[in-house]
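The values are calculated or read from the model by the stated rules, or taken from the named source; none is laboratory data. All figures in this text were calculated on a predicted structure; none of them were measured in a lab. Here the Cβ positions follow ideal geometry from the backbone for every residue, glycine too, while neighbour counts run over all protein chains shown.
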Number of protein chains: 2
Amino acid sequence: MMNRRPLILVTNDDGFQAKGIASLAEAMRDLGDVVVFAPDTHRSGMSSAITTAQPLRAWKYKEEEGYTVYVCNGTPSDCVKLALNEFMDRKPDLLVSGINHGSNAGISVIYSGTVGAAIEGCVFDVPSIAFSLCDFTPDADFSVTMEVARKLSKKVLEEGLPKGVCLNVNVPTGDVQGVKVTTQTQGKWVNEYHRAKDGGGRDVFWMTGNFENWEEENENNDEWALANGYAAVVPVKIDMTAYDFIPRMKKWVL
Amino acid sequence: MMNRRPLILVTNDDGFQAKGIASLAEAMRDLGDVVVFAPDTHRSGMSSAITTAQPLRAWKYKEEEGYTVYVCNGTPSDCVKLALNEFMDRKPDLLVSGINHGSNAGISVIYSGTVGAAIEGCVFDVPSIAFSLCDFTPDADFSVTMEVARKLSKKVLEEGLPKGVCLNVNVPTGDVQGVKVTTQTQGKWVNEYHRAKDGGGRDVFWMTGNFENWEEENENNDEWALANGYAAVVPVKIDMTAYDFIPRMKKWVL
């Protein structure tokens, strides 16, 4: 087992045919054997959603030396669960998710399927990283993000990550000044719907909106890093307990 | 505006026709004016998923003095966003989600649509609580959970919650010894799929599994409280940053 090449699980939420996942898989092939296990179609905004009422299916789409691609009809979290429970011979040494077409900085960590997949890898104690490029276009230029992904993944393969912690990495467009370890920017989306009419004249609501940044001046957060040309890495905890509030709440007489 | 009755938004992930949400709305009518804004159907396991590629619809289903019901074709998070962005005249004083048919303790906080809705209320700075009863049956007895919900909701209306913190409340079946403020139990689901065949003889995978508790002996967590007859309240943070790991990670040369 000595000198065995690392085994790397690659997934995303834009679907197996997206340019972003092809770029990420290509970057990872320099580091190890790659298994892609990704949704059959667009699954953005799926957070950590799992499919409970319908059966899942998965099929092998491609296989060559050190590179296998599976496609699945589930969410990003379903893909990770199914790959790890049923399809992979051994636990991977690394999970990478993305490269997402579009930012997952700030509060988007909560809604992102790309991050959801990394969180799921983390549940399984696999060192896991979500990568996103701040460019929504299908033909975005992922070359700089591929470099960041290669460098950071190599480091995580060497160093590991603490139990219960995964990484949410966002990369700005254009050249990158460097990589900053940051916090999740506090803020929220506002004006989230565009009201329109369907063919029968009934109201429908399409998601849209703007991110309202509550920490414009904080140089430690991911939005600041991105605005200033840095790739931003937020370490993300899967234990969501608000430990600070427990002593105060225990004083409530319930 | 003095002595105005509190305005309470009620949602869930089992759909507007579930017994759990009817029970929760009934419990809340003692405390204030109630707006129910809930999914048209079963949306379990949806986490904080949002609908981005399809339009949302919502319609008024019922209206009487101090009690309005809207139904929406989206996820629990969509329901909260749409209610707050487009349907409610003022910001509610409280959001309650549930009562879920089934436990959302431990790692389930990550997958739960019931909790996802409370997290979304928290994003909007509305004091928010998710309630779940450890009984999956459609006709579960929610009377004890209604009492817990009434008491805890009254307290939260009086005391508020810290910015960025919501509550995940799980209630065991039968009588309850009391309410314990707890941490999120560390652990994960294992053996998550039942492999079966479809009508054409092809493999399909149905979600199933068992919770593997890594902290059996820890009396501070929610699974311990539930196993010992207490309702468990975990305060949940929406800032997922792993602050502890930042200094160590900053030492990585990237």
Report the residue count in segment B:200-233 for those that are surrounded by fewer than 17 Cβ atoms within 10 Å (Cβ to Cβ), among the polar types (S, T, N, Q) and within 13 Å of another protein chain (Cβ to nearest Cβ). 4
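Could you identify the single residue in B:Asp78, B:Asp125, B:Asp93, B:Asp89 that is more than 14 Å from every other protein chain (Cβ to nearest Cβ) and at pLDDT 95 or above? Reasoning before the result, please.
Details: B:Asp78 fails: more than 14 Å from every other protein chain (Cβ to nearest Cβ); B:Asp125 fails: more than 14 Å from every other protein chain (Cβ to nearest Cβ); B:Asp89 fails: at pLDDT 95 or above.
Only one candidate passes the filter, namely B:Asp93.
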So is B:Gly98 modelled with pLDDT of 95 or more, on the phi > 0 side of the Ramachandran plot and more than 10 Å from every other protein chain (Cβ to nearest Cβ) or not? yes
For the structure I just gave you, tell me whether A:Val109 is surrounded by fewer than 24 Cβ atoms within 10 Å (Cβ to Cβ), at the interface with chain B (Cβ under 10 Å from one of its Cβ atoms), of a type in the set (A, V, I, L, M) and in contact with a strand residue (DSSP E or B) (Cβ under 6 Å, 6 or more places away or on another chain). no
Which of the residues belonging to segment A:30-57 are surrounded by fewer than 17 Cβ atoms within 10 Å (Cβ to Cβ) and in contact with a strand residue (DSSP E or B) (Cβ under 7 Å, 6 or more places away or on another chain)? A:Thr52, A:Arg57
Being part of a helix (DSSP H, G or I) and in contact (Cβ under 8 Å) with a residue 24 or more places away in the chain: is that true of B:Val109 here? yes
Among the listed residues A:Asn168, A:Asn220, identify the single one that is of a type outside the set (D, E, K, R), closer than 19 Å to B:Met249 by Cα and without any contact (Cβ under 8 Å) to a residue 40 or more places away in the chain. A:Asn220
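Can you tell me how many residues in segment A:43-72 are within 14 Å of the chain's Cα centre (by Cα) and at negative phi? Quick ask: steps written out before the conclusion?
Filtering segment A:43-72 down to residues within 14 Å of the chain's Cα centre (by Cα) leaves A:43-49.
Next cut, at negative phi only: A:43-44, A:46, A:48-49.
Looking only at that region, the number is 5.
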Unique match (being in contact (Cβ under 8 Å) with a residue 12 or more places away in the chain, charged (D, E, K, R) and touching a helix residue (DSSP H, G or I) at 6+ places or on another chain (Cβ under 6 Å)) among B:Arg90, B:Arg57, B:Arg43: B:Arg43
Across segment B:25-64, what is the total count of residues that are more than 13 Å from chain A (Cβ to nearest Cβ), farther than 24 Å from A:Thr75 by Cβ and modelled with pLDDT of 95 or more? 15
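This table checks each residue for (1) more than 23 Å from A:Ser108 (Cα to Cα); (2) of a type outside the set (Ser, Thr, Tyr); (3) in contact with a Cys (Cβ under 8 Å, 6 or more places away or on another chain).
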residue	(1), (2), (3)
B:Ser103	yes, no, yes
B:Ile110	no, yes, no
B:Thr114	no, no, no
B:Ile119	no, yes, yes
B:Pro127	no, yes, yes
B:Ala130	no, yes, yes
B:Cys134	yes, yes, no
B:Thr137	yes, no, no
Considering each residue of segment A:1-26, count those that are within 21 Å of A:Ala140 (Cβ to Cβ), in contact with a helix residue (DSSP H, G or I) (Cβ under 7 Å, 6 or more places away or on another chain) and crowded, with 24+ Cβ neighbours inside 10 Å, and give that number. 6
Six or more apart or on different chains, Cβ under 9 Å: which pairs go from a residue in segment A:234-248 that's under 20 Å from B:Pro247 (Cβ atoms) to one that's charged (D, E, K, R) and in a strand (DSSP E or B)? Could you list them? A:Lys237/B:Lys237; A:Tyr243/B:Lys237; A:Asp244/B:Lys237
Test: residue in segment A:157-165 that is surrounded by 24 or more Cβ atoms within 10 Å (Cβ to Cβ), in contact with a helix residue (DSSP H, G or I) (Cβ under 8 Å, 6 or more places away or on another chain), modelled with pLDDT of 95 or more and under 25 Å from B:Ala49 (Cβ atoms): no
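For segment B:185-199, what are the residues that are more than 21 Å from the chain's Cα centre (by Cα) and either surrounded by fewer than 16 Cβ atoms within 10 Å (Cβ to Cβ) or part of a strand (DSSP E or B) (or both)?
Step one: of segment B:185-199, the residues more than 21 Å from the chain's Cα centre (by Cα) are B:190-199.
Correct list: B:Val190, B:Asn191, B:Tyr193, B:His194, B:Arg195, B:Ala196, B:Lys197, B:Asp198, B:Gly199.
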Taking the residues in segment B:73-91 that are outside any helix (DSSP H, G or I) and under 17 Å from the mean Cα position of the chain (by Cα) as candidates, determine which candidate is surrounded by the fewest Cβ atoms within 10 Å (Cβ to Cβ). B:Gly74
